[in-house]
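Throughout, read-outs are computed from the coordinates displayed, never taken from laboratory work. Computed from a predicted model, the values in this text were never measured in an experiment. Here the Cβ positions follow ideal geometry from the backbone for every residue, glycine too, while neighbour counts run over all protein chains shown.
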Amino acid sequence: MKIAPSSILVLVLVCGLAAAARADNPQADAKFQLGKRLLAQKHYAEACEAFEDSNKLEPGIGAELNVGHCYEEWGKLATAYRAYDAALTMATRVSDARVAKIKERIEALDAQVPRLTLEVAKDANTAGLVVTLDGQPVLASAIGTEQRVDPGPHRLEYAIGGQTKRTKTIPLERGGSSDITLELPHLAPGAVAAANGGRVGASETLPPPGQKRRVEGAITMEAGAVLMGVAGVLTFSARGSYKDSLAADCNNSPSMCDAAGLETTHDARREANVATVVFGVGAAAAVVGVVLYVTAPKHETHGEHATRIVPVASPDHVGFAVLGRF
C-alpha cells in the first residue's frame, strides 16, 4: 500500500516525542499509548480524548501534534488545524527543529478546512442578540469574521431577547465556505446614523456641546458593566468546579486530592483569579464612564431627556449606539 507523503510527515511529527513522554510522565504515556491503540481501531472520539488527556498531563509540542493528528484522521479539520497551530507556536518560541515540517503540515491542511462567516445587516437591531453555533456561544467580535469550522453539518441558533429563536443547519464540505446573514429586525433611522459613525448631513443639526463626551461615558459604563457580568459568570463557574472536584476527587478536603483533583482545583483557582482581574478592569471602566458622563459640559435642552443604549453590529463595525435626546 502506498502511503501519501503528508501522512508520512504526520507520523514522523507525532512519534517524535513518544520516548520523552514515557520518561517524563508515566501517566501521560499511558494515555498516549491508549490513544494510539484506539486510533488504530478507528475509535476516533475515545482516541482523541486520550490524546487530549495526555497533553494535559504532559503539555508539549509532540503532545499537541498527537492531538492534531488524531482529529485530522477523524476528519475534524478545523480542530486539527488549531492543535497544529498551537504546536507551531510552541515550536517557534523555542526554535524547535520541527518548525518547518509543522508549517508544511498546516499549509497542506488549511486549504481543506471549511470557512463560515456570520454577518448582520448594517441597519440590524442586535440588542439582546444571542448566537450559538453547535451549542457554543458566538462572540460579538466573531460576527463578520471568517471562522474555520470542521466539515459536516453545523447547527446555528440565534434569538433577540430570548424571543423568536431561529434555527438553521449549515452543511459544509472540505474546502467549502458559506456566508450567512442573520435575519434581524431593523434599527430606527437615528440608530442607523449612530452605527454609521454619527455622520451629519446637510439638513441635520450638529450635536450640542458635551454630547460626544456623554456618549463616550455611557459606552464606557456599559463596557464596564459587561466585564463585571463576565467576571460574575467566571466566579460562579470556578466556585462550582472547585466544589465538585472537592467532593469527587478530594474527599471534601483540599489536602486529600488525587491527580485529577489537583488539576481541577488548580484550574478552578486560576479561573477565579482571572475573574478577579476582569472584575477590577470592569469596575475601573465603569468609574471612568461615570466621570466622563457627569463632567460633560451642560447645555439647555427641550423635551424629554430619556436615553437608551443598544448594541449595533455589522461586518465592519461592532459597538453601541446611544438613542434619545441629550
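Extending 7 Å from Cα along the Cβ direction at Ala100 and again at His43 yields two label points whose distance is 4.0 nm. Once you treat every alpha carbon in region 31-170 as an equal point and sum by Debye, what is log10 I(q)/I(0) at q = 0.09, 0.15, 0.16, 0.17 Å⁻¹? Log-scaled intensity ratios, in q order: -0.37, -0.84, -0.91, -0.97. In this structure, the pairs whose alpha-carbon distance is over 22 Å, taken from Lys76/Lys101; Lys36/Lys76; Lys76/Lys243; Lys36/Lys103; Lys36/Lys243, are Lys76/Lys243; Lys36/Lys103; Lys36/Lys243. By other beta-carbon atoms within 10 Å, ranking Ser253, Ser54, Ser237 with the fewest at the front produces Ser253, Ser237, Ser54. Placing R0 at 51 angstrom, the Cβ-Cβ distance between Glu73 and Ala283 gives a FRET efficiency of 0.60 after rounding to 0.05.
In order along region 46-60, the Karplus-derived 3J(HN,Hα) couplings, from 6.51 cos²θ - 1.76 cosθ + 1.60 at θ = phi - 60°, round to 5, 5, 5, 5, 5, 5, 4, 4, 4, 5, 5, 6, 9, x, x Hz, and Gly and Pro are given as x. Across region 262-277, rounded Karplus estimates of 3J(HN,Hα) from the backbone phi angles (6.51 cos²θ - 1.76 cosθ + 1.60, θ = phi - 60°) give 4, 5, 5, 5, 5, 4, 5, 5, 5, 5, 5, 5, 4, 4, 4, 5 Hz, Gly and Pro being marked x.
Give me the Å³ per residue figure for the convex hull around the C-alpha atoms of region 21-102. Please list the in-between numbers first.
Values: hull volume 6.8 nm³, N = 82.
Per residue, the Cα convex hull of region 21-102 comes to 83 Å³.
How much of the pair distance distribution for region 60-123 lies past 20 Å, counting alpha-carbon pairs only, in percent? Roughly 31 percent, once rounded to a whole number. In sequence order, region 229-241 has phi-based couplings of x, 4, 4, x, 5, 4, 5, 4, 5, 5, 5, x, 4 Hz under the Karplus curve 6.51 cos²θ - 1.76 cosθ + 1.60, θ = phi - 60°, and Gly or Pro positions carry x.
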